[in-house]
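Working notes for the structure below.
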Amino acid sequence: MNHSLRLDGVVKRFGDRTAVDGLSFAVPPGEVFGFLGGNGAGKTTSLRMVLDIIRPDAGSIEVLGHAPGREVGRRLGFLPEERGLYRSMTALDTVVYFGRLKGMSAVDARVRARALLDRFGLSANLKTNVDKLSKGMAQKVQLATAVVNAPDLLILDEPFSGLDPVNQGLLEDEITGAARGGAAVVFSTHVMQHAERLCDRLLLLAHGAKLFDGTQDEARAMLPARLELVARTDPAGLDGVESTAAQGDAGDGWTRWRVELSPGRDPGDLLQQCTARGVPLRRFEQHRPGLHDVFISIVGSAEVRS
């Protein structure tokens, strides 16, 4: 498979501390890839190696078919966690400047910058200096600098930090639009709701080590399915049931049950068993684990082991 980004056994140490520990993953074009972990998990360090800001101590990194460096820099877009713009430059000149740094002609950079700022609701502020813009406006200018060159690989480090709900929606639109256009999008976050809405695939990090790499459905399958049933009898004896707990009387001989299945078991199989064995049901409701639940389970277990 063709990949826009590939890491293989990457290690980065700072003194006695291992910030990234044998990290391997790959991201194909057109995919939104969530890079998830708590503070200090190694997300920013990994992205800085991809951008050739720092070098790994071991392993290899391939970016758009090349080693990280200037050769591929023009095809990248990057939105850092710590935002920083030239305060005395106008919004338009700022975006044009970054476009020129990515190899765009002056004319193309200006046309693209105007179009972006107009789309971001800043057409009336093209000539306004960055230090005169509101925080939200300045963040939109920063986003425009990251996408002005229509990058083939867009890297966003904690991009939603400090954004209000309106600007969060704008950023989400840019992420999905870039992926539809064929770009690989990698964004780090510790906010599971953003990953849940956007990610095709995700990776969980703790202490610099990969704990999971796969789709959201694969991540949720790592936790046991939880069900709420209203039944006349305890479903504990059915195949695949890990535990049951009565939650109260539902009237007329019915009981509310909370049921936990064994990991990997399909709730549909339990429903079929109930039908086949004549187990009366009034209610059968599945509670799908969220990414927050998966994150707490997987990363929390790693924290306990460490």
For TRP257, enumerate residues with amide H under 5 Å from its amide H, sequence gap 5+ or separate chain, H modeled in the peptide plane. LEU229, VAL230, ALA231, GLN247
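Please compute the contact order of the chain in relative form: average sequence separation of alpha-carbon pairs under 8 Å and at least six residues apart, divided by the residue count, as a percent. If you can, show how the numbers build up before the last one.
On the way: 607 pairs, mean separation 60.9, N = 306.
Contact order relative to length: 20 percent.
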In straight Cα distance, which lysines are under 17 Å from LYS12, not counting same-chain residues fewer than 8 positions off? LYS43, LYS210
Tensor-based shape of segment 249-292 (alpha-carbon gyration tensor, a/c under 1.5 rounded, otherwise prolate or oblate): oblate
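Specify whether the C-alpha gyration tensor of segment 80-200 places it in the rounded, prolate or oblate class, a ≥ b ≥ c being the square roots of the eigenvalues: rounded for a/c under 1.5, otherwise prolate if a/b is larger than b/c and oblate if not.
Details: a/c = 1.92, a/b = 1.34, b/c = 1.43.
Verdict is oblate for segment 80-200.
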Search the structure for amide H atoms under 5 Å from the amide H of ARG265, placed 1.01 Å from N in the peptide plane, and list their residues when 5 or more places away or on another chain. ALA225
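Listed highest first by mean packing, meaning other Cβ atoms within 10 Å per residue, what order do 153-164, 287-298 come in? Intermediate results must be reported in sequence, preceding the final value.
Details: 153-164: 19.8, 287-298: 16.8.
Ranking the peptides 153-164, 287-298 by packing returns 153-164, 287-298.
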Which of the lysines could a cross-linker bridge to LYS132, judged by Cα under 27 Å and excluding same-chain residues fewer than eight apart? LYS102, LYS140
GNM of the chain, Cα pairs under 10 angstrom: of THR94, THR255, THR18, the biggest fluctuation goes to THR255
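Give a quick list of trypsin sites (Lys or Arg not before Pro) in segment 89-173 that DSSP marks as loop, anything other than H, G, I, E or B, with at most 15 other Cβ atoms within 10 Å. Please report the intermediate quantities before stating the final value.
Working: sites: ARG100, LYS102, ARG110, ARG112, ARG114, ARG119, LYS127, LYS132, LYS135, LYS140; in loops: LYS102, LYS127.
The qualifying sites are LYS127.
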For the chain, take the longest principal axis of its alpha carbons; what is the angle in degrees between that and the long axis of helix 291-305, to the nearest 10 within 0 to 90? 90 degrees
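Each value in this text was obtained by applying a stated rule to the coordinates, not by laboratory testing. Just so we're clear, the structure is a prediction, and the values are computed from it rather than from any experiment. Because the Cβ atoms are built from the backbone with ideal geometry, glycine has one as well, and the counts that use them run over all protein chains shown.
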